[in-house]
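Just below is one structure, and these are the notes that go with it.
Read the figures in this text as sums done on the coordinates, not as results from a lab. Bear in mind the structure is a predicted one, so any value in this text is a computation, not a measurement. All Cβ positions, even for glycine, are placed from backbone atoms using ideal geometry, and neighbour counts span all protein chains on display.
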Amino acid sequence: YGKTESPTVVLVTGGTGLVGKAINKVVNEDDAAKGETWVFLSSKDGDLVDRSATEAIFKKHQPTHVIHLAARVGGLFHNMAKKVEFFRENMLINDNIMECCRIYGVKKLVSCLSTCIFPDKTTYPIDETMLHNGPPHDSNLGYSIAKRLVDSMNHCYKEQYGCQFTSLIPTNVYGPHDNFNVQDGHVIPGLIHKCYLAKQKGEDMVLWGSGTPMRQFIFSEDLARLIVWVLRDYQEIEPIILSVGEEDEVSISDVAQMICEAMDFKGKLVKDTTKADGQFKKTASNKKLRSYKPDFKFTPIRQGIQTAVDWFVENYSAARK
Ligand code: NDP
């Protein structure tokens, strides 16, 4: 990387989303990226489900490197109701990207998987070797299988064509530019939006479920720095989990409390225990990451939440919600 004759052009699919925007920010502050061209794609630049639209993007930008983030994503309910579409759209997007990377001679492709695609019945902590060890949770079967195939195909492309295609596996991501939809968003952005509304209306903030489940959250800009590192320096085809350590797991209750403090919400935080909790724990191991990056400093969650809350309040009218 960086020692090539041709100019470096990095194409980021899904460049307008939570993770894409964070990479954009990190790259703008990175001296090593000064001589490089970074292209951040929106779905408006072309629907990646469509093969000819994808080819047109590769012809136009002639990327040497690709970070592939674009995906059909959605909350639990949506995933359960639309398994066929979640499989087909993601499978087509991923196939178009991988095949165009091969045809157009891309030197490295980094695709994004997710810890939610691991086997439902497993031992903890989850690590990179367990990805295919059993069926995923039935609720997101379509999404999970499409994502798992990326890892399988990375190996096939390496073996048959010598392609340098790899993947990374983040835990729950949060930060500015998230989807703050209360019904369909992830837990942190959903709670931030709820807290904002409760403060505006002078009402209680209601947390769905008992608040006891434990989760690992990674701040989007930390993930972005690690993704740029994977692009530049990680040489394996095997995936790598990008997560805070097992000791940094926090309960949903603690997260809700931190959000109330960051929002300066003085009302009551109440729990609606008639709502489902989801899995109690799904701890992932970041041992492999630590073996490569022992000194990487993660943003403390309190500080990351403050940044996300401040961004949401300042950008309320434009935020996805
Ligand atoms: P977002 O929903 O914030 O962004 C999705 C991006 O994909 C947007 O830029 C969107 O474009 C683009 N996109 C969606 N469909 C298409 C399409 N058919 N053609 C072209 N572009 C499309 O996602 P995140 O940033 O949260 O997620 C990025 C990646 O990280 C995904 O692969 C996701 O599976 C993975 N991930 C996310 C986690 C999280 O907690 N958020 C956790 C683990 C993994 P536009 O907005 O312009 O329409």
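Odds and ends about this structure:
- Charge sum, other residues only, whose C-beta stays under 12 Å from Asn181's C-beta, Lys/Arg counted +1 and Asp/Glu -1: +1
- Each residue of the stretch 167-176 is assigned a 3J(HN,Hα), and the resulting list reads 8, 10, 10, x, 7, 4, 9, 8, x, x Hz, derived from the Karplus form 6.51 cos²θ - 1.76 cosθ + 1.60 (θ = phi - 60°), x at Gly and Pro.
- Residues of type lysines that Lys25 reaches as a straight line, Cα spacing below 22 Å, ignoring anything fewer than 8 places off in the same chain: Lys34, Lys44, Lys108, Lys293, Lys297, Lys321
- Tilt relative to the chain, helix 141-161 - C-alpha long axis, 0 to 90 degrees, to 10: 20
- Signed unit charges on C-beta, dipole axis of the chain, positive-most listed residue Val173, Ile93, Gln279: Ile93
- Near Gln306: Cβ cut-off under 11 Å, other residues only, Lys/Arg at +1 and Asp/Glu at -1. The net charge is -2.
- Spatial offset of the stretch 163-230 relative to the stretch 45-61 amounts to 29 Å, using the alpha carbon center of each.
- Over the stretch 141-215: Kirkwood hydrodynamic radius from C-alpha pairwise inverse distances, Å: 15.8
- Only Lys, Arg, Asp and Glu carry charge here, each on its Cβ (+1 for the first two, -1 for the last two); on that basis the chain has a dipole of about 300 debye about its Cα centre.
- Candidates Asp204, Asp50, Asp31: whichever shows maximal mean-square fluctuation once the chain is modelled as a Gaussian network with Cα springs under 10 Å: Asp31
- Bins of 5 Å from zero: percent of alpha-carbon pairs in the stretch 164-321: 2, 9, 17, 20, 18, 14, 9, 6, 3, 1, 0
- If you take the Cα centroid of the stretch 65-132 and the Cα centroid of the stretch 248-308, the two points sit 24 Å apart.
- Shape of the chain, Cα gyration tensor, a/c cut at 1.5: prolate
- Ranked list, fewest to most other Cβ atoms within 10 Å of each Cβ, for Val39, Val66, Val244, Val84: Val84, Val39, Val244, Val66
- Along the stretch 235-244 the Karplus relation, 6.51 cos²θ - 1.76 cosθ + 1.60 evaluated at θ = phi - 60°, assigns HN-Hα couplings of 9, 7, 7, 4, x, 10, 6, 10, 8, 5 Hz to successive residues, with x for each Gly and Pro.
- Cα gyration tensor of the stretch 18-110 - equivalent ellipsoid semi-axes, whole Å, descending: 25, 18, 10
- Between helix 220-233 and the chain: long-axis angle, C-alpha atoms, 0 to 90°, nearest 10: 20
- Amide H partners (placed H, <5 Å) of Ser167, local residues excluded: Ser111, Ile240
- Lys, Arg +1 and Asp, Glu -1 on Cβ, resulting dipole of the stretch 60-115 about Cα centre, debye, nearest 20: 100
- Helix-only arithmetic for the chain: the sum of -39500 (n - 2.57) across DSSP H runs with n ≥ 4, divided by the residue total, places the mean residue ellipticity at 222 nm at -13000 deg cm²/dmol.
- Hydrodynamic estimate: the Kirkwood radius of the stretch 220-279 over Cα pairs, inserted into Stokes-Einstein at 37 °C and 0.692 mPa s, corresponds to D of 216 µm²/s.
- In this Cβ point-charge picture (+1 for Lys and Arg, -1 for Asp and Glu), the stretch 97-158 has a dipole of about 320 debye about its Cα centre.
- Relative contact order, whole percent, for the stretch 31-158 stands at 27, derived from Cα pairs under 8 Å and 6 or more residues apart.
- Prolate/oblate/rounded label for the stretch 58-166 (Cα gyration tensor, a/c 1.5): oblate
- Stokes-Einstein diffusion of the stretch 232-321 at 4 °C, 1.567 mPa s viscosity, Kirkwood radius from Cα pairs, rounded to a whole number: 79 µm²/s.
- Couplings 3J(HN,Hα) for the stretch 41-54, derived from phi with the Karplus relation 6.51 cos²θ - 1.76 cosθ + 1.60 (θ = phi - 60°), are 8, 10, 5, 5, 7, x, 7, 6, 5, 8, 5, 6, 5, 5 Hz, where x marks Gly and Pro.
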